[in-house]
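The values are calculated or read from the model by the stated rules, or taken from the named source; none is laboratory data. These figures come from a predicted structure and were not determined experimentally. Glycine also receives a Cβ, built like all others from the backbone with ideal geometry; neighbour counts cover every protein chain displayed.
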Amino acid sequence: MHWYVTDETNSSFVAGHFFIYGGLVMTDEQVLQVTDAVTTIREKYGYVRGDSFKFHTRSRPTQVSVDDSKAAKRELVEALENIGVRMIVYVILHDIASAKTDEVRMNWALNTVTWAFHRLLEKEDARGVFLMDRADEQHAHLANLFQLGIDVAGKRVPVDDRIIMLGMTSDNASHLSSAVDIALGGFRYSVNAASGDGSEAVAADIFPPLARIIWSQNFRGTDYLRNYGFHSMPKTEIKSGRFKAMYTDLYAKLDGFTGSNSEAQVES
């Protein structure tokens with residue numbers, strides 16, 4: 001069994017920023033390993049029961065220093081890589097998505113990552129559970145995805161042959177939510193830095209281990225992320241030259257953040 005636990009980030013409109021949705025794919029064994037890793041790291045760095053363990057600095061409990069908070073997050077991302085967890089993420093420019101309602105924007109994201117998760121399950125001949133962070137307005141859409149499948153060019157493509165449940169969880173209801181928040185938070189920082197909001201030097205430190213856990217396929221020694229674990233929308237040609245340049249720059253910057261010796265490619 002594979003578990004795909006997801007959340008959204010960068011949800012508020014900021015011109016030139018990208019709305020991000022995604023999460024972590026874990027096997028049964030990896031779910032337990034990630035839970036144990038978060039438990040150990042929390043204890044090591046002084047997080048106590050009731051404390052949130054998240055990426056954003058403002059969520060840091062007062063008894064945990066800034067340096068310890070950074071070290072805890074770094075250690076968790078390293079643990080995710082060592083455990084073999086995969087990440088599937090989706091981005092869309094707010095300037096494009098803002099023309100739709102929040103519900104439609106979320107439905108687009110859910111459709112894309114559900115398709116990607118289903119594709120991963122097919123490749124690994126596995127079945128899985130999809131859990132999103134609680135969003136009351138999405139109950140009907142999850143039911144439609146399970147019962148009717150994904151609408152692809154007017155044709156419904158079933159997903160229930162591989163995905164046996166689409167459901168919801170909530171923040172702090174498991175240690176898995178911490179792992180998802182920290183992985184997505186690091187990805188968000190890197191995307192925002194690529195868009196001019198944040199330090200590119202910091203992103204170049206944060207992004208490489210995240211790039212290594214994004215689900216990829218290897219061809220001739222290079223791990224290709226795009227259309228596997230990394231999805232950008234819209235898939236159709238972007239008519240605005242300015243918006244198109246933002247996407248092109250994002251891909252190039254993320255590739256640059258992976259490091260000169262990296263074999264992971266977003267843009268290709």
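Can you tell me which of (1) surrounded by fewer than 17 Cβ atoms within 10 Å (Cβ to Cβ); (2) in contact with a strand residue (DSSP E or B) (Cβ under 6 Å, 6 or more places away or on another chain); (3) assigned to a strand (DSSP E or B) is the one F130 doesn't meet?
(1)
Out of all the residues in segment 224-265, which are at pLDDT below 85 and within 23 Å of A201 (Cα to Cα)?
If the condition is that a residue be at pLDDT below 85 and within 23 Å of A201 (Cα to Cα), then G259, S260, N261, S262, E263, A264, Q265 are the ones that fit.
Somewhere in segment 171-192, is a residue surrounded by fewer than 19 Cβ atoms within 10 Å (Cβ to Cβ) and on the phi > 0 side of the Ramachandran plot?
yes
Would you list the strands (runs of 3 or more DSSP E) that sit entirely within segment 136-249 and hold 1 or more residues that are over 18 Å from the mean Cα position of the chain (by Cα) and either within 30 Å of G50 (Cα to Cα) or of a type in the set (K, R) (or both)?
Once the strands (runs of 3 or more DSSP E) in segment 136-249 are filtered for at least 1 residues that are over 18 Å from the mean Cα position of the chain (by Cα) and either within 30 Å of G50 (Cα to Cα) or of a type in the set (K, R) (or both), what remains is 155-157, 163-169.
Can you find a residue that is surrounded by fewer than 19 Cβ atoms within 10 Å (Cβ to Cβ) and acidic (D, E) anywhere in segment 234-241?
yes
List the pairs whose first member sits in segment 43-60 and is under 15 Å from D171 (Cβ atoms), whose second member is among the basic types (K, R) and surrounded by 14 or more Cβ atoms within 10 Å (Cβ to Cβ), and whose Cβ atoms are under 7 Å apart, counting only residues at least 6 apart or on separate chains?
F53/R42; F55/K73
Take the conditions within 23 Å of D95 (Cβ to Cβ) and at pLDDT 85 or above and apply them to A211. Does it pass?
For A211, the condition - within 23 Å of D95 (Cβ to Cβ) and at pLDDT 85 or above - is not met.
Residue-wise test of (1) of a type outside the set (S, T, N, Q); (2) out of contact with any helix residue (DSSP H, G or I) (no Cβ under 8 Å at 6 or more places or on another chain).
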residue: D151; (1), (2): yes, no
residue: T169; (1), (2): no, no
residue: S177; (1), (2): no, yes
residue: D181; (1), (2): yes, yes
residue: G186; (1), (2): yes, no
residue: Y189; (1), (2): yes, no
residue: G196; (1), (2): yes, yes
residue: A204; (1), (2): yes, no
residue: P209; (1), (2): yes, no
